1. With the full set of protein chains in place, find how many percent of the accessible area of region 128-230 is carbon and sulfur; take the probe as 1.4 Å.
2. Please report the carbon-and-sulfur percent of the accessible area for region 1-126; probe 1.4 Å, protein heavy atoms only, DNA, RNA and ligands left out.
3. With the contact rule set at Cα under 8 Å and sequence spacing of 6 or more, what percent relative contact order holds for region 169-243?
4. Relative contact order for the chain: what percent, with Cα pairs under 8 Å and sequence separation of 6 or more?
5. Can you list, bin by bin at 10 Å, the percent of alpha carbon pairs in region 1-134, starting at 0?
6. For region 1-143, give the magnitude of the charge dipole about the Cα centre (Cβ charges: +1 Lys/Arg, -1 Asp/Glu; no others), in debye to the nearest 20.
7. Can you compute the modelled spin-label distance between I173 and L154, with each label point 7 Å from Cα toward Cβ, in nm?
8. What number comes out for accessible area per residue over region 26-122 if the probe is 1.4 Å? Units Å², please.
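The values are calculated or read from the model by the stated rules, or taken from the named source; none is laboratory data. These numbers come from a predicted model, not from an experiment. Cβ placement follows ideal geometry from the backbone for every residue including glycine, while neighbour counts extend to all protein chains displayed. Note: accessible area is taken over every heavy atom of the protein model, side chains too, but ligands, DNA and RNA are not part of it. Shrake-Rupley method; radii C 1.70, N 1.55, O 1.52, S 1.80 Å.
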Amino acid sequence: MAKKSFCSEVKQSLIKNEPRKKCCTVTLTDTEKILSEDGGCELKEAFERIRCDGCLKEFLKAAFIALGSVSDPEKEYHLEFAVKNESDFDTLALALEKAGFTPGKSCRRGKFLLYFKSNEAISDLLAFIGANKAAFDVMNTKIVKEIRNSANRLVNCDTANIEKAISASHKYIAAIELLAERGVLAALPQELRETAELRIQFSQASLSELAAKSNPPITKSGIKHRLEKLLKAADELQDCNLK
């Protein structure tokens, strides 16, 4: 059996929700009747008989079931009402604004569209018309996406830092190997020789870790300063060979 779409599940859950007040039941019935008729009455006739917030909820609920659609939030954030005539379009826009929602407006294939592309607006509207589970699903999807994106950013940042550290480590190791090969390393001060040995022995260690392993321990900036001295010595050695 094919899985029901997110929109179909939302509409089925709304159909099961019955109004609690008589005036709301009347609004729901009137709106459904108008929307089921072809070219008969207009939505404004039901809208003008709205008596309370509950009536407004039932009006918009019936309009969504008949005219609305909502995308699976895993794919995109989009909810719209597709209205056939301009009068109903204006009435529905007014009803949405009365409920505190400001839709986008456009026209497509001869139909007037009222739409929302904001996660917050869609979840709030679904909650207003009684689709609470769907509203939670939309909100939860955004939270999950934000957590996933944040985790990816951290991983990318960590990866970039690791690659940068490895690149720097290789640069220093190459310089130290050159100094050792040319017999220069043994003539350098004891603290530089110690740092060179640590860099070779712990090639993947961070500067902070190398600083802690020094005897006595020094600061991160101190270990970097020593490595830069080794790098400079190797550069000077190469310059001499080129002359």
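1. Details: 3720 of 6450 Å².
Result for region 128-230: 58 percent of the exposed heavy-atom area is carbon or sulfur.
2. On the way: 3460 of 7190 Å².
Carbon and sulfur atoms account for 48 percent of the accessible area of region 1-126.
3. 37
4. On the way: 263 pairs, mean separation 30.5, N = 243.
The value is 13 percent.
5. For region 1-134, the binned pair fractions read 12, 46, 35, 7, 0 percent.
6. Roughly 300 debye, rounded to the nearest 20.
7. 2.9
8. Each residue of region 26-122 exposes 51 Å² on average to a 1.4 Å probe.
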